[in-house]
Amino acid sequence: MERLINILKQYWTYPAGAIAGAVTGYLYWYFIGCESGTCPITASPVNSMIWGTVMGGLLFSLFKKEKKDD
């Protein structure tokens with residue numbers, strides 16, 4: 001359990017970005033979406049949330065600080 005907590009402390013940006021992206025993807029589908037149903041990403045809430053999860057994880061990973069070895 002302690003090891004899991006240490007891993008989460010070290011890599012917290014990935015799950016935080018994935019959760020924020022999934023929520024954002026759902027909100028994008030709900031408020032903007034695609035009325036015709038032909039848009040591959042925004043026609044379904046699941047597709048929109050998957051896309052948001054991936055993009056959120058990638059975006060938040062940019063903010064992870066790397067440790068420098070001297």
- Item | Dipole of the chain [Lys/Arg +1, Asp/Glu -1 at C-beta], most positive-end residue of CYS39, TYR14, TRP51 | TYR14
- Query: Contour minus end-to-end for ALA16 and SER36, with contour as 0.36 nm per residue of separation and end-to-end as the Cα-Cα distance?
  - Reply: 4.0 nm
- In whole Å, what is the distance between the alpha-carbon centres of the stretch 25-64 and the stretch 1-21? 21
- Net charge dipole size for the chain [Lys, Arg +1 and Asp, Glu -1 on Cβ; Debye, nearest 20]: 200
- Task: Go through the stretch 42-56 residue by residue and turn each phi into a ³J(HN,Hα) via Karplus (6.51, -1.76, 1.60, θ = phi - 60°); whole Hz please, and just put x for glycine and proline.
- Result: 9, 6, 10, x, 5, 4, 5, 6, 5, 4, x, 4, 5, 5, x
- Considering the values (1) 1.67; (2) 1.13; (3) 1.43, which represents Cα Rg over 2.2 N^0.38 Å as calculated for the structure under consideration? (3)
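All of the numbers you see were taken from the coordinates with simple rules; none came from a lab. All figures in this text were calculated on a predicted structure; none of them were measured in a lab. All Cβ positions, even for glycine, are placed from backbone atoms using ideal geometry, and neighbour counts span all protein chains on display.
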